[in-house]
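One structure is given below, encoded as structure tokens.
The values are calculated or read from the model by the stated rules, or taken from the named source; none is laboratory data. No experiment lies behind these values; they were computed from the predicted model shown. Note that we place each Cβ from the backbone using ideal geometry, even for glycine, and neighbour counts take in every protein chain shown.
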């Protein structure tokens, strides 16, 4: 099982084992990772699963598809290492991958309180 390291905004790391083939968004939701809301349920229609992938791990991921690129155009604080976690399957991860959810908004805090 691939390991995913979610890093919160205070710098605390939480390593979670993902099921093979599962999206990183689903792994985050199943494990109540703050900052990943997944309002569309993984349909690549909202960008509320926006994460920043540690640049050291970007090369192991497939390039974002056209739909993901289009959704990221509407996301806030997009960076070169921005991805939608609903579009990253754990089967593409060969070693622990570090992700930082986008800035947590008040809706995220309420959902994970």
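I'd like the full set of residues that are in a loop (DSSP other than H, G, I, E, B), more than 13 Å from the chain's Cα centre (by Cα) and either surrounded by 12 or more Cβ atoms within 10 Å (Cβ to Cβ) or free of Cβ contacts under 8 Å to residues at least 24 places away in the same chain (or both), limited to region 2-38.
Filtering region 2-38 down to residues in a loop (DSSP other than H, G, I, E, B) leaves 2, 8-12, 18-22, 31-38.
Retained after the next criterion (residues that are more than 13 Å from the chain's Cα centre (by Cα)): 2, 9-12, 19-21.
Across region 2-38, the qualifying residues are 2, 9, 10, 11, 12, 19.
Yes or no: region 57-73 includes at least one residue that is at positive phi and part of a loop (DSSP other than H, G, I, E, B).
Of region 57-73, the ones at positive phi are none.
Scanning region 57-73 turns up no residue that is at positive phi and part of a loop (DSSP other than H, G, I, E, B).
Quick check on residue 7: is it modelled with pLDDT under 90 and over 15 Å from residue 92 (Cβ atoms)? Talk me through it step by step, then tell me what you get.
Working: modelled with pLDDT under 90: yes; over 15 Å from residue 92 (Cβ atoms): yes.
In short, yes.
Take region 74-89 and flag every residue that is in a loop (DSSP other than H, G, I, E, B) and free of Cβ contacts under 8 Å to residues at least 40 places away in the same chain.
The initial filter retains those residues of region 74-89 that are in a loop (DSSP other than H, G, I, E, B), namely 74-81, 88.
74, 75, 76, 77, 78, 79, 80, 81 - these are the residues of region 74-89 that are in a loop (DSSP other than H, G, I, E, B) and free of Cβ contacts under 8 Å to residues at least 40 places away in the same chain.
Kindly indicate whether residue 76 is surrounded by fewer than 19 Cβ atoms within 10 Å (Cβ to Cβ) and over 15 Å from residue 37 (Cα atoms). Steps first, answer last, please.
Numbers: surrounded by fewer than 19 Cβ atoms within 10 Å (Cβ to Cβ): yes; over 15 Å from residue 37 (Cα atoms): no.
Taking the combined requirement at face value, the residue does not satisfy it.
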